[in-house]
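Quick notes on the structure that follows.
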């Protein structure tokens, strides 16, 4: 049961990006980026392989896109400034202008759902990530495949407000029954 | 049928073995410490609430009001302030209060204090009638403290250093 | 109406019996706490009076001064009757118990029958109390107490019947009279009657434990499951009377066991030995308190049995063996 | 007088086990729908002691979160210290000296034995036996004194630091630990005679609360719960961390999957932990207990790190996402009892009330660790 076998199986079903993270440095062997609609397929592959579910949690990347955009502009500005000397020095400089992100729809910040799976025999922790738009954070539930995920999903719903479509009992687990706030969002002000 | 009988007999035998153990303990001496009359000596490294150290030469505190402990504390229990007095080099401590209701005895303040001006006290029976009783004014208590010559070694590099 | 001496004697004995029952109920609590403490290698009560001897007194005062809360929605009649129903049968059965040759309130010919009859009344009180206090935990514990009591009544009575057959009478004084002489005359070692006599004593002892809901059969007031079982809603003296009732029942069980098996007030040594041989109340109390010591000792050693385990134990082991003992004894009596 | 309602097919009533109940050892509430004394449906309700450690982690610096780790599961606080400290060392790539790792293993294993002893006492107390609790506490007191002489506290330790430990041990700790190991080894046969071989307890635990290996996998149960159902999964062997590879110890695994199996797993684990401590004391190297240059204001490299440790209740994992600043961007605590308890609803369907308590005791729940 090695990670390479899992890696092919996951790429076969068209998962976005599967990278072999270096276990000693990062703590998990496979880092899988998944499109929300492919999540259930990926999880059922792992279920078939005999993985058990370790945890489900969320990460709120508020302000990430803004930082990325600022970084991109700073890079562009730096190149524009550096370009004239490079041209003078190198004669013909490759067209370095990186087109700024297309102005159309500014990519919205993401709410990321992180699934951790581990295996009882082989040393292979798989982390599946799915990024959801902050305005409409919805993803399919996997409590039908892993009943253990039922509570994890309820807890992630409590803290981040991510709605797990098809969850049998999406009622606050740790927060009081009538809680409508989601404490772990970055813009949460108690 | 035979193993059923064997099980009944071995079962009753295990009951009598259990009784034998408890009756043996019944006649053995008592293990508990009778608290109000006898008290246990606290280990030298026991962490009670923090207290200021009285420097044996000057008889005053060693605190230089740098506020490192105030910044290091996760639950903001320590408030320190001092004032500049002419003719005195550095700040003089005027107020050092510890809100012990929120302290989690993690030791980050004692560890971050460079002049080693605070250490852990050894008292554990802190009974008070109100929350305010737990706001300790360490500066006031300083006078009643005995001068501590040998500081409890903490964070020392290895066992040899702990010896002296 | 002339007061003939019989009535005065009877009144005096009744007062003595009630005093004995309540004194015992109080100081068994003290004995239990002390014994449990030493088994667990700690001290137990020692503040109030020397060795904590005044502790039961102080507990009694505390219970009496506590407010008797009758929760809303409770059936007041049943709620108030229940503690009395548990306490009175226990005291009533003291009337027929012979503490020594002369020290007996009313020497009835059917003493054993009276005690067995009252023994089954006390758990009715438990049932009414639990049903009256409209508390879910209490109702569960009442259900358990009911089936436990039925399950353990049968082997106990079968053993009592075998003993009545062996001694030919139900009058307790005569039963003890038959066990004169040294301890080999006691019924527990009366192998002539039936080789299973020690096993019969063991069964009787186990049934007595189950009758009085003592561990390891305390299914009805199982602290860790049903909080306080039948008397969850009782506070103050209501709980106090329940408690005294339970301890009085233990004392009754111990007395009956000593009378039937351990030769009542006779000393283990034959009468020829001058001082020790004489049979007296001391021997009766010694044996009784030894049995009570064992009851407490068992409570602080064993975990609780499961409920179905408890019923299986009775229906599948105790009752068959007691029937075998009954048939064996009748056969032995017929043959010899 | 209302005429007796015609009793419907399933006359069930709801009974609240908790949140204030002697057997839940904390504030866990289980909503039991009961039919007579049989459980139809059991739904644990959580959140009564939820303190939101993960939000606290986000507005405290890396070092300031250390005291919190001791409060997540106060029975085995040192393993939680170990988990958090190791993940930050992995993020900031700090090298920990050999002696510090040995001290961490010695104190964590002693803490595991004290956690198992308390579980043993409380578990037998739930089943009605009162004395074993006091004997177990008598032994546990020795461990608490030993750890107090080193770390300064008795229950919620804050002894590990990034790059090493708070201070060094002295000789009477070593002699005290060896004496304790000899003492506990002498006491184990007594525990087995008094409790394990007792017919009443055997009847109480055998075939009670069966949990299959498949159910463990589906719910993600780890630790003694999954080792009781035949799954050989122990983070110390599966993902070796710290200096555990240098010690030889077995992982006790039982196949039956009932409460008795989980009970035996923990009793054998105490013996294994003593073996580890003994070997660690023999091979204790000299040298510093703190890494040389650990920056006062720690700023670990950006990225996402995970580290799992084996606590008394299962695999405790800490996922840390750092954005290079001195406070964590996101701190996820994966608590083992959260998953172990999630199979409770399915495991105790159709059981009797006393068996439910036997099952709940065998899961070794620590409620603040579930609610975090």
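Since every read-out is calculated from the coordinates, none of them should be taken as a lab result. In this text the structure is predicted, and so the values were computed from the model without any measurement. With ideal geometry, Cβ positions are generated from the backbone for all residues, glycine too; neighbour counts draw on all protein chains shown.
Express in whole angstrom the spacing between the alpha-carbon centres of segment B:46-80 and segment D:57-130.
When both Cα centres are located, 28 Å separates them.
With a cut-off of 8 Å between alpha carbons and a minimum separation of six or more residues, what is the relative contact order of chain A in percent?
Working: 280 pairs, mean separation 46.0, N = 190.
Rounded, it is 24 percent for chain A.
Determine, for D:226, B:73, the number of other Cβ atoms within 10 Å of each Cβ, and report the residues in order from fewest to most.
B:73, D:226
Return the whole-Å distance between the Cα centroid of segment D:301-358 and the Cα centroid of segment D:197-255.
16
Give the separation of the Cα centroids, segment A:11-46 to segment C:279-318, in Å.
When both Cα centres are located, 63 Å separates them.
Tell me the label-point distance for the pair residue D:13, residue A:11, using the 7 Å Cα-to-Cβ offset, in nm and rounded to one decimal.
6.3
Per the helix-only calculation at 222 nm, which mean residue ellipticity applies to chain D, given -39500 (n - 2.57) for every DSSP H run of n ≥ 4 and division by its residues, nearest 500 deg cm²/dmol?
Numbers: 15 runs with 172 residues, N = 372.
That calculation yields -14000 deg cm²/dmol at 222 nm.
Using 12 Å as the cut-off for backbone N distance, which residues of segment C:301-336 belong to the label zone defined by a point 7 Å from the Cα of residue B:2 along Cα→Cβ?
What the label zone holds, given the 12 Å backbone N cut-off, is no residue at all.
Roughly what would the spin-label model give for residue D:193 and residue C:14, points 7 Å off Cα along C-beta, in nm?
Each label point lies 7 Å from its Cα, and together they span 5.3 nm.
Under the 0.36 nm per residue contour assumption, what length would be gained going from the current alpha-carbon distance of residue A:144 and residue A:44 to full extension?
Additional length available on full extension: 35.0 nm.
Report, in degrees rounded to the nearest 10, the 0 to 90 angle that the Cα long axis of helix B:2-26 makes with the longest principal axis of chain B.
40
Hey, got the average number of other protein chain Cβ atoms within 10 angstrom for residues in A:24-35?
Going residue by residue through A:24-35 and averaging, the value is 3.
What is the log10 of I(q)/I(0) for segment B:67-136, computed with the Debye formula using one identical point scatterer on each Cα and no solvent, at q = 0.23 Å⁻¹?
-1.12
Note down the nm distance, to one decimal, between modelled labels 7 Å out along Cα→Cβ at residue A:79 and at residue C:331.
10.7
Can you give the FRET efficiency to the nearest 0.05 for residue C:77 and residue B:134, using r as the Cβ-Cβ distance and R₀ = 60 Å?
0.70
For helix D:98-126, what angle does its Cα long axis make with the longest principal axis of chain D, in degrees from 0 to 90 and rounded to 10?
Compared with the principal axis, the helix lies near 20 degrees.
What FRET efficiency comes out for the pair residue D:255/residue D:43, r = Cβ-Cβ distance, R0 = 35 Å, nearest 0.05?
Details: r = 29 Å, r/R0 = 0.84.
Taking R0 as 35 Å, the efficiency between residue D:255 and residue D:43 is 0.75.
Test of understanding: what is the full-extension gain from residue C:290 to residue C:92, defined as 0.36 nm times their sequence separation minus their Cα-Cα distance? Each step should come with its number before you reach the end.
Working: separation 198, 0.36 × 198 = 71.28 nm, distance 2.31 nm.
Taking 0.36 nm per residue and subtracting the Cα distance, the gain is 69.0 nm.
For segment D:13-371, build the convex hull from the C-alpha positions and give me its volume per residue in Å³.
Spread over its residues, the Cα hull of segment D:13-371 gives 123 Å³ apiece.
Sorted by average packing, counted as other Cβ atoms within 10 angstrom per residue and highest first, what order do B:92-102, B:33-43, A:178-188, D:71-81 take?
So the order, starting with the most tightly packed, is D:71-81, B:92-102, A:178-188, B:33-43.
What is the mean number of Cβ atoms from other protein chains located within 10 Å of the Cβ atom of each residue in peptide C:33-43, rounded to a whole number?
Values: counts 0, 0, 2, 5, 4, 7, 12, 14, 11, 6, 4.
Other-chain Cβ atoms within 10 Å of each residue's Cβ, averaged: 6.
Sort A:157-164, D:362-369 for me by packing, meaning the mean count of neighbouring Cβ atoms within 10 Å per residue, highest on top.
Working: A:157-164: 21.5, D:362-369: 23.8.
By packing density, highest mean first, the sequence is D:362-369, A:157-164.
Kindly provide the helix-only [θ] at 222 nm of chain C, computed as the sum of -39,500 (n - 2.57) over DSSP H runs of four or more divided by all residues, to the nearest 500 deg cm²/dmol?
Numbers: 13 runs with 216 residues, N = 336.
About -21500 deg cm²/dmol.
What are the principal axis extents of the Cα atoms in the protein assembly as shown, in Å, biggest first?
137, 76, 60
Arranged from highest to lowest average of other beta-carbon atoms within 10 Å per residue, in what order do the peptides C:323-336, B:4-17, A:43-56 appear?
By packing density, highest mean first, the sequence is A:43-56, C:323-336, B:4-17.
Quick one: grab Rg to one decimal and Dmax as a whole number for segment C:76-134, Cα atoms only, in Å.
When restricted to the Cα atoms of segment C:76-134, Rg and Dmax are 14.1, 47 Å.
How much length would be gained if the chain were fully extended between residue D:248 and residue D:175, taking 0.36 nm per residue of separation minus their Cα-Cα distance, in nm to one decimal?
Length difference between fully extended and current span is 24.1 nm.
Please give the FRET efficiency for residue B:33 paired with residue B:143, using the beta carbon to beta carbon distance and R0 = 51 Å, rounded to the nearest 0.05.
0.95
How many Cβ atoms of partner chains, on average, are near each residue of B:5-17 if near means within 10 Å of its Cβ?
Per residue, the number of nearby Cβ atoms from other chains is 3 on average.
Rounded to the nearest 10 degrees, what's the angle between the helix D:353-362 long axis and the longest principal axis of chain D, both from Cα atoms, 0 to 90?
Helix D:353-362 and the main axis of chain D meet at about 10 degrees.
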